[in-house]
1. Select from region 34-82 the residues that are within 17 Å of S171 (Cβ to Cβ) and in contact (Cβ under 8 Å) with a residue 40 or more places away in the chain and list them in ascending order.
2. For a quick check of your reading: which helices (runs of 4 or more DSSP H) sit entirely within region 33-132 and have at least 3 residues that are loosely packed, with under 15 Cβ neighbours inside 10 Å and either among the β-branched types (V, I, T) or at pLDDT 95 or above (or both)?
3. Look through region 201-217, keep the residues that are farther than 12 Å from L227 by Cβ and not in a helix (DSSP H, G or I), and return whichever of them is farthest from the chain's Cα centre (by Cα).
4. With S228, S224 as the choices, which residue is small (G, A, S) and surrounded by 16 or more Cβ atoms within 10 Å (Cβ to Cβ)?
5. Aliphatic (A, V, I, L, M), in contact with a strand residue (DSSP E or B) (Cβ under 7 Å, 6 or more places away or on another chain), more than 24 Å from F205 (Cα to Cα) and outside the structural domain of T198 (by TED's automatic domain parsing): does that describe L77?
6. Identify all residues within region 8-46 that are over 28 Å from A218 (Cα atoms) and among the small types (G, A, S); write none if there are none.
7. Condition first: of a type in the set (A, V, I, L, M) and in contact (Cβ under 8 Å) with a residue 60 or more places away in the chain. Can you find one or more residues in region 222-242 that meet it?
8. Taking L193 as the residue in question, decide whether it is modelled with pLDDT of 95 or more, in a helix (DSSP H, G or I) and of a type outside the set (G, A, S).
Amino acid sequence: MINENIHNYVFDLYGTLIEMRTDEEELPFWAKMAELYAVYGADYTAAGLRKEYKRLCKEEERKLIAETGCRIPEIKLEKVFARLLTEAKHSHKTAHDLGRNIDETAYYISNSFRVLSRHRMKLYPAVPELLQYLRDSGKGVFMLSNAQAVFTTPEIEQFELEKYFDDIFLSSDIGVKKPEATFFEKLLQKHSLDPAKTVMVGNDFYADMGIALACGTAGAHINSDKLSARERAKQKKMLETEYGRSTEKIFEFQSIRDFLNTLTIGG
């Protein structure tokens with residue numbers, strides 16, 4: 001069980017601290033994005049824009065793999081949004097008048113993409129209480145999230161979460177994402193954290209618990225997806241097979257509130 005020997009708590013963000021629901025596939029969403037691009041002089045159909053977006057994402061991922069040798073790359077999406085603006089096969093005058101404002105426009109488009117695709121965004125119950133409790137207890141509190149800094153940073157600030165963390169690692173800033181060990185290792189090394197005294201807290205077995213096993217830390221699985229006991233056991237078995245390590249240091253909690261109660265009551 002999580003105990004006083006754990007000095008450092010590393011949190012995933014989406015699905016763990018923030019409940020987020022987005023839909024980036026539906027055609028009406030891409031129709032709105034096509035309208036936005038038309039404002040800046042880049043002409044797309046909804047289906048054409050969706051197809052080109054996916055193609056450029058894959059192309060940027062291949063570039064990043066070639067440059068860094070990483071296994072699971074995380075690109076900066078604003079680069080894709082900028083390329084969609086400047087490399088559109090069909091355009092009109094506005095596209096030629098942007099000049100040095102390409103980066104600024106890509107930032108705006110990135111956040112418009114996020115807001116238009118977002119159906120739900122709220123903190124899970126007891127998140128501020130948990131983070132404040134850890135801060136008051138003198139624990140190290142960090143974030144390690146597969147996320148795009150261009151729109152995740154504003155969302156973190158919107159909920160005033162940044163004040164609770166000693167450091168925030170977002171995958172798009174590092175160029176690699178969970179469960180590739182390099183991502184977590186950079187955080188551990190930067191702050192000289194002892195893996196034996198560190199726990200990775202997250203809702204995803206593959207990404208969060210997988211990277212905990214890869215880096216030799218404990219794991220706290222938050223069951224925000226309401227997985228059955230059978231499904232959770234199956235996921236843990238798959239991790240043991242993939243990493244060749246026991247999952248005995250992966251502990252399960254039904255919610256953030258459950259996790260907080262366990263810490264404050266002492267199990």
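The values are calculated or read from the model by the stated rules, or taken from the named source; none is laboratory data. Please read these numbers as outputs of a predicted model, since none were measured by experiment. Glycine gets a Cβ as well: all are built from the backbone with ideal geometry, and neighbour counts include every protein chain shown.
1. Answer for region 34-82, where residues must be within 17 Å of S171 (Cβ to Cβ) and in contact (Cβ under 8 Å) with a residue 40 or more places away in the chain: L64, T68, C70, R71, I72, P73, E74, I75, K76, L77, E78.
2. In region 33-132, the matching helices (runs of 4 or more DSSP H) lie at 46-68.
3. Ranking the candidates gives G216 first.
4. From the options S228, S224, the qualifying one is S224.
5. So L77 fails the test.
6. A31, A34, A38, G41, A42, A46
7. yes
8. So L193 does not fit the description; no.
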